[in-house]
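Participant: One structure, pasted below without further comment.
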Protein chains: 2
Amino acid sequence: MVMLFEKSEYIERVNKVKESMAVREIEVLIITDPANMCYLSGYDALSFYEAQAVVIAPEFEQPVWIGRLQDYYCAVETTWVDTDNIIAYPDKFLWDTTKRHVMGFIADYLKEHGLDKKVIGVEMDAYYFTAFWYQWLQKSLPNAIFKDATKLVNWIRGIKSEKELEYMSRAARLVEKAMKNAIDKIDVGIRECDVAAGIYSDIISGNAEFGGDYPSLAPIMPSGKRTSGAHLTWTDKKYQDNQIVYMEMSGCYRRYHAPLTRTIYVGKAPQKVHDTAAIVVEGLNTALELAKPGVTCEEIERVWQKTINKYGLEKESRMGYAVGLSYPPVWCEDTAFFKPGEKIELKPNMTFHMMPGMWLDGYGIAITETFRITEKGSETITKFPRKLFVK
Amino acid sequence: MVMLFEKSEYIERVNKVKESMAVREIEVLIITDPANMCYLSGYDALSFYEAQAVVIAPEFEQPVWIGRLQDYYCAVETTWVDTDNIIAYPDKFLWDTTKRHVMGFIADYLKEHGLDKKVIGVEMDAYYFTAFWYQWLQKSLPNAIFKDATKLVNWIRGIKSEKELEYMSRAARLVEKAMKNAIDKIDVGIRECDVAAGIYSDIISGNAEFGGDYPSLAPIMPSGKRTSGAHLTWTDKKYQDNQIVYMEMSGCYRRYHAPLTRTIYVGKAPQKVHDTAAIVVEGLNTALELAKPGVTCEEIERVWQKTINKYGLEKESRMGYAVGLSYPPVWCEDTAFFKPGEKIELKPNMTFHMMPGMWLDGYGIAITETFRITEKGSETITKFPRKLFVK
């Protein structure tokens, strides 16, 4: 068994979730978001493409893991809970979902423990909790009252422990190495896929002290006019002279992420690219300077927007989000965002990816940092020159 | 714009979907599964962590792509549809889902086109279509009748075109390279993460002719007793003497996959490991020999089960599945499975990952192939020695 955190840290997390459940008058919580499952139980396996859950209730001292029989040992290996709390369903629950379903199996488990007439919280809008699963759960628990508990656990994940910050720092070391080598490698005639291969190799092989895990999202690394789209990735074409490239990628250590983005120009960068990059960096710096406990997320966005507005630019999309523990399809925690109207106040040890990017007509530029709120201000977790790179 | 298939091939796919809709009496189809979106429109970007869709209706000649404004250019770049059919929502639809939601935006689009009182098919059990999205859609289209269209498109994807088979062959070349190099590298004192780094590097850098894409799932590559779990991956620990390792991984070319699994023993393999591996290979071979048009999926599973039963072994989980185009979290097409009760008949150019694996007490062994059904039999797409590797 591999314990990534002290048992006391897991217990503290579970207690916070139980408190939040009490406040929201939720009696049983069915967690299906893989990151939330991992946060509370430690469970970490590539099995999230089938239904699985962690159940929390005051009646249960520990989280109860419910998953596929094939993955029983994965739970034994990665969770901190007693084997009594590792409950496996046989594969036939996947075979004909008109007859039976994993949600029915979970419902039966709740019935056996007298919890089928309770107020049950489900993550209505979490990745992988499909409309179909919810129908099965409702049908299987006709006497339960369902409440939406989306993000209940995500919000608790917001403030990081020392150990979590250490894991994010390690993820940062991985992405810095990958970014440096990728920038060094990019040149006319080099294929994009070969740079992408190097990035994966770097973030996973890591350094002499530690290696890395797979990130929740592949590197986004378009070139040329493909940089106008926000989520395109590499091709097997060669880089050309006079081409802009941006690379958004993350290191991952024990499922903790530290994303980083830089923009590179191959050739002699036009003045407008230099200018836009300088504006993005100025906006990023101004926003980072403002970030400290008590400031709200919308204030961060506003100072960024004001900075770029001075130069006649505007960004309609969010410019950052809480980051940390995650599973595919993305490393965003889906809680606090730097966007208009977001009244969340920053607190020490919250961690964010500040993502100022401009997707303009014909090209895009993004220069970003992962950072944490400190007692009096903020500091970046990623350490990398904050500028346009010209090759 | 990059076209991976002739326009005529996309049109044929759309027509098949429209026919299937007519049979099921579905008038409008809202597709949210990223693989199905790609199959019909060509859309390929790392944006599937936010709500997006492709809409199909007899009223629309082409698929209508609906996604985030940031991704407008991603759609222009990767889809074959006219820009009139690329509809982008502003970021505010993501900001406060109590007020507005992407599903409301999609509903408004249907209203504008007089399609809000139709029978609307939704992929109730597709990845990413959450219970919450469905509630929003129901609320926004009070006069519509909803029908479950889960897997409607997946089933049409089952039989592959020549071009699709070519892409899967390329994916196979990528995974063969990675598997060979990984087996060569594994040895006492080598870190698992360094082998994983090499795998990613190989499948993405590819060869002189073409590079690869990110696979939908990370390589599964536990060692020692961790092989007892079906979905654990690498650590940054070193391989030990007398340790079993299995590696399930896939190459990916233009989102088409060719998974492959092999088992390696570091040191002198105990007789029972040799024996189990031989049984798995015998079962795999027997099942591959039986595979041809007209045979059912359950017959394939039965001959495998019978083979291993002779030796006193049993596998409770499915032993294979349809494979091809996919996005995270998995490369399985989620249609035909080799499992008891599966009456689906094999047809030429269906493609599968045959996944005979035994997860026993203390260790696991898996040796698998990606293959296609031919006119008279079957042939593997992956070409790799089918045996236990001893180092």
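Every number here is computed from the coordinates shown, using simple stated rules; none is lab data. Given the structure is predicted, the values throughout are model-derived calculations rather than measurements. Because the Cβ atoms are built from the backbone with ideal geometry, glycine has one as well, and the counts that use them run over all protein chains shown.
Participant: List the distances, in nm and shortest first, from the label point of A:K387 to the matching label points in every other copy, placing each point 7 Å from Cα along the Cα-to-Cβ direction.
Facilitator: Result, one decimal in nm: 5.7.
Participant: Then there is this: Within a 10 angstrom radius of the beta carbon, how do B:D125, B:D84 rank from fewest other beta carbons to most?
Facilitator: Ordered from fewest to most neighbouring Cβ atoms within 10 Å, B:D125, B:D84 come out as B:D84, B:D125.
Participant: Sticking with this structure for a sec: Which of A:T233, B:T83 comes first, and how do the rest follow, when ranked by fewest Cβ neighbours within 10 Å?
Facilitator: Exposure proxy ranking, most exposed first: B:T83, A:T233.
Participant: Towards the positive end of the charge dipole of chain A, with charges on Cβ (+1 Lys, Arg; -1 Asp, Glu), say which of A:A45, A:N242, A:T227 has the farthest Cα.
Facilitator: Looking along the dipole axis, the top candidate is A:N242.
Participant: Note the direction-averaged projected area, equal to a quarter of the hull surface, for the Cα convex hull of segment B:139-292, in nm².
Facilitator: 13.8 nm²
Participant: 7 Å from Cα along Cα→Cβ at both B:K238 and A:W95: what's the point-to-point distance in nm?
Facilitator: With each label placed 7 Å out from Cα toward Cβ, I get 4.6 nm.
Participant: Could you derive backbone 3J(HN,Hα) for segment A:217-222 from the dihedral phi with the Karplus parameters 6.51, -1.76 and 1.60 (θ = phi - 60°), listing whole Hz in sequence and x where the residue is Gly or Pro?
Facilitator: Those phi angles translate into 9, 5, x, 9, 8, x Hz.
Participant: Can you pull the percent of Cα pairs in segment A:50-103 with separation above 18 Å?
Facilitator: In whole percent, the share of Cα-Cα pairs in segment A:50-103 beyond 18 Å is 33.
Participant: Now, a different point. Dipole of chain A (Lys/Arg Cβ +1, Asp/Glu Cβ -1, origin at the Cα centre): which of A:V55, A:I11, A:G211 lies farthest to the positive side?
Facilitator: Working it through, the farthest residue towards the positive pole turns out to be A:G211.
Participant: Now for a different question. Can you give the alpha-carbon Rg of segment A:7-156 over 2.2 N^0.38 Å, where N counts its residues? Mind showing how you got there, number by number?
Facilitator: On the way: Rg = 14.0 Å, N = 150, 2.2 N^0.38 = 14.8 Å.
Working it through for segment A:7-156, the quotient is 0.95.
Participant: In addition: Based on alpha-carbon atoms only, what is the radius of gyration of segment A:162-390 relative to the globular estimate 2.2 N^0.38 Å?
Facilitator: It is 0.96.
Participant: With +1 assigned to the C-beta of every Lys and Arg and -1 to the C-beta of every Asp and Glu, and no other charges, what is the dipole magnitude of the protein assembly as shown about the Cα centre in debye, to the nearest 20?
Facilitator: Values: 96 positive and 106 negative charges, 161 e Å.
Using only the charged Cβ atoms, the result is roughly 780 debye.
Participant: Let me have the relative contact order for chain B, percent, based on Cα pairs under 8 Å that are six or more residues apart.
Facilitator: 14 percent
Participant: A further question on this structure: Taking the label point as lying 7 angstrom from Cα along the Cα-to-Cβ axis, what are the distances from A:R302 to the corresponding position in the remaining copies, in ascending order and in nanometres?
Facilitator: 7.2
Participant: Would you calculate a helix-derived [θ] at 222 nm for the protein assembly as shown, using -39,500 (n - 2.57) for each DSSP H run of n ≥ 4 and dividing by the full residue count, to the nearest 500?
Facilitator: Computed mean residue ellipticity for the protein assembly as shown: -10500 deg cm²/dmol.
Participant: Just flag the GluC sites (Glu not before Pro) in segment A:244-320 sitting in loop per DSSP whose Cβ has no more than 12 other Cβ atoms within 10 Å.
Facilitator: Here the GluC sites (Glu not before Pro) that fit, given the DSSP loop and packing criteria, are A:E314, A:E316.
Participant: Mind checking the mean number of beta-carbon atoms from other chains within 10 Å of the Cβ atoms in B:202-208?
Facilitator: Per residue, the number of nearby Cβ atoms from other chains is 5 on average.
Participant: How large is the dipole of chain B about the Cα centre if only Lys and Arg carry +1 and Asp and Glu carry -1, each at its Cβ, rounded to the nearest 20 debye?
Facilitator: 1080 debye
Participant: May I ask what percent, to the nearest 5, of DSSP beta bridges between residues of segment B:16-154 are antiparallel?
Facilitator: Values: 6 of 17 bridges.
Once the DSSP bridges in segment B:16-154 are tallied, antiparallel ones form about 35 percent.
Participant: Here is a further query. Return the ratio Rg/(2.2 N^0.38 Å) for the protein assembly as shown, where Rg is computed over Cα atoms only.
Facilitator: The value comes to 0.91.
Participant: So which of B:K310/B:K343; A:K177/B:K185; A:K237/B:K16 end up more than 28 Å apart by C-alpha?
Facilitator: A:K237/B:K16
Participant: Largest first, please: the extent of the C-alpha atoms of chain A along each principal axis, to the nearest Å.
Facilitator: Principal axes ranked by extent give 69, 43, 40 Å for the Cα atoms.
Participant: Now a separate question. How far apart, in nanometres, would the label points at B:E112 and B:F210 be if each is projected 7 angstrom from Cα along the Cα-to-Cβ direction?
Facilitator: Distance between the two pseudo-spin positions: 3.7 nm.
Participant: With charges set only on the Cβ (+1 for Lys and Arg, -1 for Asp and Glu), what does the dipole of segment B:9-73 come to about its Cα centre, in debye to the nearest 20? Don't skip to the end; give the middle numbers.
Facilitator: On the way: 5 positive and 11 negative charges, 14 e Å.
I would put it at about 60 debye.
Participant: Another one. Can you list residues from other chains, or at least 5 along the same chain, whose modelled amide H is less than 5 Å from the amide H of B:L360?
Facilitator: It is B:I365, by chain and number.
Participant: Would you kindly work out, in nm and rounded to one decimal, the distances from the label point of B:T374 to those of the same position in each other copy, ordered shortest first, with label points 7 Å along Cα-to-Cβ?
Facilitator: Result for B:T374, in nm, nearest copy first: 6.7.
Participant: What is the helix-to-structure angle for A:162-185, meaning the angle in degrees between its Cα long axis and the longest Cα principal axis of chain A, kept from 0 to 90 and rounded to the nearest 10?
Facilitator: 40 degrees
Participant: What per residue convex hull volume, in Å³, do the alpha-carbon atoms of segment A:1-88 yield?
Facilitator: 84 Å³
Participant: Could you point to the residue in B:A75, B:I87, B:I106 farthest towards the positive end of segment B:60-151's charge dipole, with +1 and -1 charges on the Cβ of Lys/Arg and Asp/Glu respectively?
Facilitator: My answer, from the dipole projection, is B:I106.
Participant: In addition: When every alpha-carbon pair in segment B:268-391 is counted, what percent end up more than 25 Å apart? Don't skip to the end; give the middle numbers.
Facilitator: Values: 1711 of 7626 pairs.
The share of Cα pairs beyond 25 Å in segment B:268-391 comes to 22 percent.
Participant: For peptide B:71-77, how many partner chain Cβ atoms fall within 10 Å of a residue's Cβ, on average?
Facilitator: What the average comes to for B:71-77 is 6.
Participant: If each residue's Cβ is checked for other Cβ atoms within 10 Å, how do A:I344, A:I264 rank with the fewest at the top?
Facilitator: Lowest count first: A:I344, A:I264.
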